[in-house]
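Laboratory data are not the source of any read-out in this text; all were calculated from the coordinates shown. Values in this document were obtained by computation on a predicted structure and should not be read as measured data. For neighbour counting, all protein chains shown are included, and Cβ atoms are generated from backbone atoms with ideal geometry for every residue, glycine included.
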Amino acid sequence: MASLDEKWKAVDNFESVVVDRERDVVRVTEELYDLHSNREQFRGVTSSCNYRLTIPFAPISLARAKRPLPEPLWNPLSRTFLEKLKRASLLYVDLKELEPTRPIEEKRNLKWAVYYLLIKAACLQSGLPQPDPDECFKELKLRSDALVQKIRSILNIPSDQYLLVAFDEVGVLDESLDEFHFKRTHDGRVRPYNDFFGIISQLCKEPDLFFIVVGKNKGLSIKNDVAFGLSRVILHFIPLSPLDASSIVEFLERSLLKTPTQQPVCNVLCSSSFSVNELADSLLECTGGVPGLLTRLVNMLLNYVEMRNKPFISKEECLTCMNDYDFRRICAEPFVERILNLDEDRKSVFDILLMMALYRIPSKVDDRLSSESYLFDAVTEMGLYRYPIDQNTFQILIPKVFVGIFKNDPSISSLEKILLESLDVEPVDCFVYSKCRVFEGIVALRLVLMLSSKNRNELRELLCQLSPIWKQMKLPISTISPIHYIKSVVSSRETKSESNKSRRTFANTEWNKIIRETLYLETIYIPLDATSHSPDIIFKLQSPVEPKVLTVGVACKGRWKSEGIGWSDIIDEAKKFLDPVYDQVLSSAMDYHHCMLIIVSTKLSLNASNELGNQSRCYSSGMFIGGDLFKVPDNCELVILCERDVQMLIDEEILNGLERAFHVSDNPTFWDFGLDLLHRIRNSFLSWQ
């Protein structure tokens, strides 16, 4: 039998291609155009001083991209600039070759070492012998204009042709502290990147010259406080954007095996009964579309298929392979090493980052965790990924393939495990652009902790007082099994336009699926499209002494309505949950199966509040609500939590904070929420552990 190392190995089996890079190329091009448009200002020729030099930090594939931008993307960029950029000469410079250089090597002068390396790289690229450093220094001294003229002469390009210099392996500066003389800050610290980018910024004053730093920023000690600390330079990190499903299909169809036959990868992995689209969906769900991780995982699948000598016959078979713990562990190992070795201070914010990843809370590049720490830097140091939303905004992305390794780390808390497992079962786009999803996600996680807490719990006791059926259930539930919590039960194939439709009940087949799946004990579900389905959260409890089962739906209402919710809203929710559950399930089920709908209202209308007497109420089978507008079906209950009691579940300061954040934007950022609010949400989770 093959060993794990043989069964799951990531041998480089195919020639991968770069696909769907237009947006990334646009972002790099915009930065270069920004320098082109503001170079006179940067040189101090004009009186304006608003421009700050931005140097793009991007993968080498973007620097080498020759594909012209589609014309709709040209505006507002200058057509002349783009035409010249397409004809630019690219000079590749490997910083691993950087070393102290004569005739001033005894001074460990970084500027001259960089200048001479540029000349060496130009000679290497032109097939010329390496020049003598002493002669070069006599000719150039440390004059930037003379250096650029020398490089153009070596490359044989005219003075008005664009020259794009790409520096690779910039991380060697972390290891060069003893080789060069670096400036020290007022507190005695050395920041080699400040010195390096200070040199580059002076070269950027030369006409028709552009720079890009290429490679991976993961693992480097370049921080935003370094980049922003330079008076005139900002580093703009531009990673390869994660691929979507259609781009992964293109990747699989165009990437070829490293064999004489050069078969497309998709033909090797997929049988006639397993489409490349199904494979792409599986890869997206597992990797988040991260290019490097995607390539490694595909290599492992190819090795497995080659070893057993047959392709995958179904999506289920492929997912079984990718969900194998050892498969995920071996696939993720090179990517998660940094986070497993972080110090305690940095690990202390991991749960905040997990919350941001789960609830899809975006962040700006200059958002701070403290006066001395940028959130961007924390994400980089942990080796996590950033999904670019726009030029200055990113989303934390934690691929599912990482989850198994993270949750088995002994330093991971129980809260972090719940968040990780929730990430593992959610569709990739579950929380995107929805104010409701953040609120419901918080409520669901609080319910998880409330149901499992061994400590006295006011909300749990209140529900026992209101409902005789609830009191008979097995609480607290046994050891938390977070893999099932916050699990979507609606197809993620629904389009964005469908999410804008009015609320509706589930179809027959959907309800059957939901009720079947809620037969798993201690499980909490959130339907994917919470803006058009009811309820928002579903879970199931069972009595330990009697064969009684309680399926519970939770409808979160009144979050964003200034007038609050009235009886018509409550009746609408009850009809959309209790009626179809009774008609389709309970009417033909055993008498021991019960159903409850809990209305979690953050704001009741005046009429509803007066009728309830500002107290939570439980309406049992046969009772009418709203006069005679709705009768609670047999074996069902309707619980309405008043505003005061809702605060046992989610406190007023969190509610007010969410309302403020979503008043600013439908997709508020880390800054809109504020670190204090995120800490308060985190602490509310910890209080029930």
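Extending 7 Å from the Cα toward the beta-carbon at both T261 and N408 defines two label points whose distance is 3.4 nm.
Across region 593-598, computed HN-Hα scalar couplings (Karplus, 6.51 cos²θ - 1.76 cosθ + 1.60, θ = phi - 60°) run 8, 10, 9, 9, 10, 9 Hz from first to last residue, x flagging Gly and Pro. Amide hydrogen proximity for F237: with H placed 1.01 Å from N in the peptide plane, the residues at 5 or more positions away or on another chain lying under 5 Å are F57.
Determine the gain in length on full extension of the stretch D572-K9; use 0.36 nm per residue of separation and subtract their C-alpha separation, reporting nm with one decimal. Intermediate results must be reported in sequence, preceding the final value.
Numbers: separation 563, 0.36 × 563 = 202.68 nm, distance 5.45 nm.
Contour length minus the Cα-Cα distance gives 197.2 nm.
The H on the amide N of Y374, modeled in the peptide plane, is under 5 Å from the matching H of D225, L369, each at least 5 residues off or on a different chain.
Give the whole-number value, in cubic angstrom per residue, of the convex hull volume spanned by the C-alpha atoms of region 620-689. List each step's numbers first, then the result.
Working: hull volume 10.5 nm³, N = 70.
It is 150 Å³ per residue.
Model label points for D160 and N341, set 7 angstrom from Cα along the Cα-to-Cβ axis, are 5.3 nm apart.
Extension gain, E97-Q202: 0.36 nm per intervening residue step, less the Cα-Cα distance, totals 35.7 nm.
Note on M623 and D591: their simple-model spin labels are 2.2 nm apart, each label 7 Å out from Cα toward Cβ. Considering only region 561-671, what is the antiparallel percent among its DSSP beta bridges, to the nearest 5? In region 561-671, approximately 40 percent of DSSP beta bridges are antiparallel ones.
Q465 label point, 7 Å along Cα→Cβ, cut-off 16 Å on backbone N: hits in region 584-616? Taking a point 7 Å out along Cα→Cβ of Q465, the residues of region 584-616 whose backbone N falls under 16 Å are 613-616. With R₀ set to 60 Å, the beta-carbon distance separating L90 from L606 gives a calculated FRET efficiency near 0.30. Pairs over the 28 Å Cα-Cα cut-off, from the set K120/K205; K471/K575; K86/K205; K120/K183; K120/K258: K120/K258.
Can you pull out the GluC sites (Glu not before Pro) in region 275-306 whose DSSP state is coil and whose Cβ has at most 15 other Cβ atoms within 10 Å? Intermediate values should be presented prior to the final figure.
On the way: sites: E278, E285, E306; in loops: none.
Within region 275-306, no GluC sites (Glu not before Pro) qualify (loop, at most 15 other Cβ atoms within 10 Å).
Karplus-derived 3J(HN,Hα) values for region 96-101, using 6.51 cos²θ - 1.76 cosθ + 1.60 with θ = phi - 60°, are 5, 8, 6, 7, x, 10 Hz; glycine and proline are entered as x.
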